[in-house]
């Protein structure tokens with residue numbers, strides 16, 4: 001009869017803690033190595049793309065413009081970030097979309113426009129506000 005392989009003695013708490021600490025150090029080193037390798041790969045890819053662009057007679061800016069064409073940020077779609085209309089007399093007064101701010105309501109009423117009429121709001125914006133793209 002063959003002897004059963006003896007199982008190794010269970011690890012002590014200190015041994016387990018030491019192994020866990022070493023594993024954490026190893027993990028951090030591997031993450032740093034991965035980050036460095038990915039950065040190097042990204043730089044190599046960028047250089048390769050620059051060469052291909054130049055070989056084909058284009059400028060990097062031209063290619064970037066084509067890549068970005070049609071891409072809109074979420075904030076622009078929601079009207080956040082870049083105002084569509086600005087009060088020419090007070091650049092702090094801006095309006096993108098949504099509820100009409102008090103300053104705009106007051107200006108429209110003072111000029112004789114009906115705030116509730118969409119066509120009059122559009123006419124007022126065209127005549128009295130500066131459009132910002």
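Largest first, the three principal axis extents of the alpha carbons in segment 14-71 are 64, 26, 9 Å in whole numbers. Between segment 105-126 and segment 18-32, the alpha-carbon centres lie 66 Å apart. Modelled label positions at residue 30 and residue 9, each set 7 Å beyond Cα in the direction of Cβ, lie 2.9 nm from each other. Modelled this way, with points 7 Å down the Cα-to-C-beta line, the labels at residue 23 and residue 59 are 5.5 nm from one another.
If eta is 1.567 mPa s and T is 4 °C, what Stokes-Einstein diffusion coefficient results for segment 79-131, Kirkwood Rh from Cα pairs, in µm²/s? After rounding, the answer is 117 µm²/s.
Bear in mind that the values in this text are calculations on the coordinates, not laboratory data. Just so we're clear, the structure is a prediction, and the values are computed from it rather than from any experiment. Glycine gets a Cβ as well: all are built from the backbone with ideal geometry, and neighbour counts include every protein chain shown.
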